[in-house]
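Accompanying notes for the structure given below.
The values are calculated or read from the model by the stated rules, or taken from the named source; none is laboratory data. Bear in mind the structure is a predicted one, so any value in this text is a computation, not a measurement. Cβ placement follows ideal geometry from the backbone for every residue including glycine, while neighbour counts extend to all protein chains displayed.
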Amino acid sequence: MDKNQLDNAIRCGQEFLASYAGPKAGTRPYQLLERLFENATRRTGPDTFEFTWKDIAEPADHEDEGKQLKRNLSTAIQRWAGHTDALSELAIDSGSSCIPVIEQLTQGAGAGIMNRYIIRTAPARSDLQCDKADIPAGYIRYTLEMVDGPNWVGRLVNGLAAKGWVWRSMIGTIVAAVTCACFMIYLGLLALVLEKTAFGLIKALIDVLIVLAALYFTFSPLYYCVTRRIIKASFLMTPLDLQSTQLEYVETGQKHSSGRPIRQFRLVSYSATCQLCKARVEIENGRWRMWGRLVGRCDYNPQEHVYSFDYTTRLGRLIYPEYIMLADTGYCSKINDEKLPSASSANDTNFRDSQGLTAEGCVADVQNGG
């Protein structure tokens with residue numbers, strides 16, 4: 001392993017931690033990662049960094065013999081593995097070709113023999129990334145993160161591959177659900193004929209609607225995920241500490257005997273940085289004219305700062321034209337640390353010229369509070 005390569009990888013890890021704004025940023029595992037990479041910069045070995053929990057422990061960590069630190073270290077390593085794509089993007093943007101990987105090197109065997117860990121380099125996943133220099137003007141780049149520690153509902157689906165008995169069971173379950181729905185509709189129509197009282201008719205129809213709704217909300221996510229390849233995951237699958245997650249149906253690299261690719265369900269989270277206010281952009285279901293599509297919504301202004309979303313290119317663009325013009329003129333970079341101009345300021349020709357706002361439609365929308 002080349003020393004400069006490891007130095008670049010460690011620097012990449014530090015830059016990622018400094019800029020990471022995910023929902024778990026600032027928690028103990030991420031604080032431990034910051035300490036770990038800081039220690040790695042002071043390593044004595046020229047081309048490797050091996051450590052035990054004692055090498056990164058602080059005086060307070062010895063009070064419980066490092067039990068809490070060990071748990072946090074295990075969690076940190078697990079979460080770090082979910083940031084491979086984001087690290088790859090950062091490495092490629094900085095002209096590097098490797099990212100830092102944290103692994104357990106040896107297993108302790110008691111009697112004072114501790115687990116040993118290592119930071120090594122791994123190739124950046126350039127095949128999945130869009131170079132920052134190649135991103136078209138006005139577009140944002142989404143970053144994928146694997147969902148760490150999904151709840152029990154998410155664990156039932158996450159990593160489930162559509163092959164063998166799993167695939168047959170999935171098809172059979174969906175067919176059974178559709179059959180049951182058809183049967184309930186038949187019972188509802190039958191009730192229209194047999195029920196003699198208004199109360200009995202209403203009760204029968206309510207029972208049918210409840211069963212149909214339960215079937216729809218239980219099985220429709222799997223159907224839509226298979227047909228659309230990605231959907232917004234149900235709140236039942238989303239951990240409480242995450243605002244939004246997505247359920248993907250992606251290829252595993254294997255194939256069925258027929259030649260069709262084998263796919264699996266994967267619980268992930270896509271996010272980006274808003275061009276206008278630099279807040280975090282999360283994926284949500286579109287509304288109105290964007291109905292049926294996934295869109296990116298800014299956490300700071302989710303009603304207005306709305307972006308398109310394509311999980312294959314991982315790019316998105318502002319949807320509302322007035323904000324597209326703002327982003328294209330570079331105006332957004334001038335207001336990140338300031339308040340938006342008042343309507344009177346937006347109407348002032350001198351102000352508009354000084355800010356580079358030459359598009360009349362853009363000015364009009366700012367005037368109207370758009």
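Please go through segment 111-127 and pick out each residue that is assigned to a loop (DSSP other than H, G, I, E, B) and either at pLDDT below 70 or closer than 17 Å to Thr84 by Cβ (or both).
Matches in segment 111-127: Ala111, Gly112, Ala124, Arg125.
Does at least one position in segment 328-345 carry a residue that is in contact with a His (Cβ under 7 Å, 6 or more places away or on another chain), surrounded by 13 or more Cβ atoms within 10 Å (Cβ to Cβ), under 24 Å from Asp134 (Cα atoms) and at pLDDT 50 or above?
no
So which residues in segment 158-169 are of a type in the set (D, E, K, R) and in a helix (DSSP H, G or I)?
Answer for segment 158-169, where residues must be of a type in the set (D, E, K, R) and in a helix (DSSP H, G or I): just Arg168.
If we keep just the residues of segment 2-49 that are of a type in the set (A, V, I, L, M) and loosely packed, with under 14 Cβ neighbours inside 10 Å, which is modelled with the highest pLDDT?
Ala18
Cβ-Cβ below 7 Å, separation at least six or inter-chain, first residue in segment 16-42 and β-branched (Val, Ile, Thr), second surrounded by 19 or more Cβ atoms within 10 Å (Cβ to Cβ): which pairs?
The qualifying pairs are Thr41/Ile10.
Looking at Asn151 and the list (1) out of contact with any Ser or Thr (no Cβ under 7 Å at 6 or more places or on another chain); (2) closer than 13 Å to Arg266 by Cα, which single condition is not satisfied?
It is condition (2) that Asn151 fails.
Every residue, every condition in (1) among the aliphatic types (A, V, I, L, M); (2) surrounded by 14 or more Cβ atoms within 10 Å (Cβ to Cβ); (3) free of Cβ contacts under 8 Å to residues at least 60 places away in the same chain, yes or no:
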| position | (1), (2), (3) |
| --- | --- |
| Phe51 | no, yes, no |
| Arg71 | no, no, yes |
| Ala76 | yes, yes, yes |
| Ile99 | yes, yes, no |
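Kindly provide the set of residues from segment 222-241 that are out of contact with any strand residue (DSSP E or B) (no Cβ under 6 Å at 6 or more places or on another chain) and either of a type in the set (A, V, I, L, M, F, W, C) or under 17 Å from Ala162 (Cβ atoms) (or both), ordered by number.
Leu222, Tyr223, Thr227, Arg228, Phe235, Leu236, Met237, Leu240 - these are the residues of segment 222-241 that are out of contact with any strand residue (DSSP E or B) (no Cβ under 6 Å at 6 or more places or on another chain) and either of a type in the set (A, V, I, L, M, F, W, C) or under 17 Å from Ala162 (Cβ atoms) (or both).
Quick one: which strands (runs of 3 or more DSSP E) lie wholly within segment 170-288 and hold at least 3 residues that are among the hydroxyl-bearing types (Ser, Thr, Tyr)?
Hits in segment 170-288: 261-273.
Consider Leu222 carefully, then state whether it is closer than 19 Å to Leu267 by Cβ and at pLDDT 80 or above.
yes
Consider Gly188 carefully, then state whether it is at pLDDT below 85 and exposed (fewer than 15 other Cβ atoms within 10 Å of the Cβ).
no
Taking helices (runs of 4 or more DSSP H) that do not extend beyond segment 1-110, which have at least 3 residues that are under 30 Å from Thr312 (Cα atoms) and out of contact with any helix residue (DSSP H, G or I) (no Cβ under 6 Å at 6 or more places or on another chain)?
3-19, 67-81, 84-93
So Ser257 fits all but one of (1) modelled with pLDDT under 80; (2) in contact with a strand residue (DSSP E or B) (Cβ under 9 Å, 6 or more places away or on another chain); (3) closer than 30 Å to Val166 by Cα; what number is the exception?
Only one criterion is unmet by Ser257, namely (2).
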